Amino acid sequence: MRTHARRNWTALSSLAAVALLASGCSGTTESAEGGSAGEDITLTVATFNNFGYTDELLAEYTEANPHVTIKQQKAATAPDARTNLTTRLAAGGEGLADIEAIEIDWMPELSQLPDAFMDLAAPDVEGRWLPWKEAQGRTPDGTLIGYGTDIGPQAVCYREDLVEAAGLPSDPDAFAEFLGGEDATWDDYFAAGHEFVAESETPWFDSANATFHSMVNQVEAAYEDSESGEPMNLAENATIKTMFETVLTESADLSAGLSQWEGDWDSAFQNDGFATMLCPAWMTGPIEERAGGVDGWNIADVYPGGGGNWGGSFLTVPATGEHTEEARKLAAWLTDPEQQIKAFEAAGTFPSQTEAQGSQVLADSKNEFFNDAPTGKIFSARAVALNDAPVAFRGENYFTIHSAVQDGITRVDVDGSQNIDDSWSGVLTAFSELGF
């Protein structure tokens, strides 16, 4: 899963101190060999947004393991979860859940702290995930600290009723062609938006930042050199500057000027606030939560620029937990292909497990809210499209740099406090202050 968040992470030097604190507070940690099978225990699972871990799903585990009680701690947003995680890591790990969900964009920094998390390698999970997904859950020395939950293959979610009212092709196949079909480009997506807003009072998309983020996800190395991991000079990064300027220029006519996960964005789902969203599989859950009672949503099997992946999360086991082996077993069960298919049916979180992706249950899945869109088929096709897309490199400074650029987009698209040129100058100032 993924949400864009404001910068709230400390410098990497502070993270090194966190690692020392975490390792120094591990005296109560249960050994992987010991476990606590048979002892009545409570395991806490910290998630955010909607991972698809319903009460019914968790009850399946406790029925098979009656000595375990599970309490899910669900943060309202990923930024809230991140703040809680980093604050408690800085305090030595006190108060962390037994299982902590980690969003992919945090992982490069957290992977610098191998002593803060348990090594989760075990025979029962060997070969479970897509190779690139499993690699994302490993530290630089190869330690597996994260069990992959979902990936975020992207399609386009849209208001079929609003597109139809504008006199444009509106059923999913026709709308996909309207956006450019298999060879759709970002220019096609923006051009279609201009056609739409010429016939409608509704904005084309919700957020310039969401659009920018989706474009950046298709860049093989957006901010850091993929071999050395060193940040590139943002002032000389023509790719990012061009995307920044393009998105904000187009947004002047096409964007609703909203920040995802904020109150105005939530309300817009009930007020015809925008016509399209760049939509990773997991986003179908939040859309349905906010747009309940609105009948016009659908999904088109298309995406500008080919394949795109937004987000995807992991389950980690903090080393300071009291029941680390039992927590590992639960994390392994939650990321088992069978459970991940159930999570997809509950929340749209597309599984990262090879066996789950080959399931007929997944292939046949439909989403009633999205006018019975064949979500299994659509997002499976979007996942296949990722085979031809680069795996975006994220080093330990990705999140901090990306947040600085997103802050610049917010100043133009949401706040209206700066023009494009002045905001880009502010981005470069913020980058220089990072001291790379």
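The values are calculated or read from the model by the stated rules, or taken from the named source; none is laboratory data. Treat the numbers as computed from the prediction; the structure is a model and nothing was measured. Cβ sites come from the backbone with ideal geometry, for glycine too, and all protein chains shown count toward neighbours. These accessible areas exclude ligands, DNA and RNA; they are computed on the full protein's heavy atoms, side chains included. Shrake-Rupley method; radii C 1.70, N 1.55, O 1.52, S 1.80 Å.
Taking the condition of being in a loop (DSSP other than H, G, I, E, B), closer than 25 Å to GLU39 by Cα and either free of Cβ contacts under 8 Å to residues at least 12 places away in the same chain or within 18 Å of the chain's Cα centre (by Cα) (or both), how many residues in segment 309-321 meet it?
0
Go through segment 140-163 and give me each residue that's of a type in the set (S, T, N, Q) and part of a loop (DSSP other than H, G, I, E, B).
Correct list: THR143, THR149.
For segment 46-98, give me the residue count where each residue is in a helix (DSSP H, G or I), free of Cβ contacts under 8 Å to residues at least 24 places away in the same chain and either open to solvent by less than 50 Å² (accessible area, probe 1.4 Å) or more than 16 Å from ALA331 (Cβ to Cβ) (or both).
Adding up the residues that qualify gives 8.
For segment 394-436, how many residues are in contact with a strand residue (DSSP E or B) (Cβ under 8 Å, 6 or more places away or on another chain) and among the basic types (Lys, Arg)?
The number of residues fulfilling the criteria is 1.
Does segment 122-141 contain any residue that is within 30 Å of THR276 (Cα to Cα), among the hydroxyl-bearing types (Ser, Thr, Tyr) and open to solvent by less than 60 Å² (accessible area, probe 1.4 Å)?
no
Within the group GLY293, GLY306, GLY263, which residue is without any contact (Cβ under 8 Å) to a residue 24 or more places away in the chain, on the phi > 0 side of the Ramachandran plot and surrounded by fewer than 20 Cβ atoms within 10 Å (Cβ to Cβ)?
None of the other options fit; the residue is GLY293.
Hey, TYR303 hits all of (1) in contact with a strand residue (DSSP E or B) (Cβ under 9 Å, 6 or more places away or on another chain); (2) in a helix (DSSP H, G or I) but one; which does it fall short on?
Tallying (1) in contact with a strand residue (DSSP E or B) (Cβ under 9 Å, 6 or more places away or on another chain); (2) in a helix (DSSP H, G or I), TYR303 fails exactly one: (2).
Restricting attention to segment 348-392, which residues are closer than 14 Å to GLY285 by Cα, free of Cβ contacts under 8 Å to residues at least 60 places away in the same chain and of a type in the set (A, V, I, L, M, F, W, C)?
none
Residue by residue through segment 195-209, note down the ones that are surrounded by 18 or more Cβ atoms within 10 Å (Cβ to Cβ) and assigned to a helix (DSSP H, G or I).
PHE196, ALA208, ASN209
Of all the residues that make up segment 350-388, how many are loosely packed, with under 15 Cβ neighbours inside 10 Å and among the hydrophobic types (A, V, I, L, M, F, W, C)?
Total meeting the criteria: 3.
Determine if segment 361-381 includes at least one residue that is polar (S, T, N, Q) and closer than 25 Å to VAL219 by Cβ.
yes
Which residue is nearest to ASP415 (Cα to Cα), if the candidates are limited to segment 245-266 and must be of a type in the set (Asp, Glu) and assigned to a helix (DSSP H, G or I)?
Of everything passing the filter in segment 245-266, ASP264 is nearest to ASP415 (Cα to Cα).
Within segment 210-244, can you find the residues that are under 18 Å from ILE104 (Cα atoms), assigned to a helix (DSSP H, G or I) and open to solvent by 10 Å² or more (accessible area, probe 1.4 Å)?
MET215
Could you run through segment 105-161 and say how many residues are more than 16 Å from GLU355 (Cβ to Cβ) and among the basic types (Lys, Arg)?
2
Any chance segment 269-287 includes a residue that's open to solvent by less than 10 Å² (accessible area, probe 1.4 Å) and more than 25 Å from SER380 (Cα to Cα)?
yes
Starting from segment 322-347, keep only residues that are crowded, with 22+ Cβ neighbours inside 10 Å, then list their pairs with residues that are in a helix (DSSP H, G or I) and polar (S, T, N, Q) whose Cβ atoms are within a distance under 9 Å, requiring at least 6 positions of separation or different chains.
Listed pairs, sorted by first residue: LEU334/GLN340; PHE344/THR375; ALA347/THR284.
Can you name every residue in segment 355-413 that is over 23 Å from TRP132 (Cα atoms) and in a strand (DSSP E or B)?
Matches in segment 355-413: ASN367, ALA373.
Exactly one condition in (1) open to solvent by less than 20 Å² (accessible area, probe 1.4 Å); (2) in contact with a helix residue (DSSP H, G or I) (Cβ under 7 Å, 6 or more places away or on another chain); (3) over 24 Å from THR202 (Cα atoms) is false for VAL247; which is it?
All conditions pass for VAL247, except number (3).
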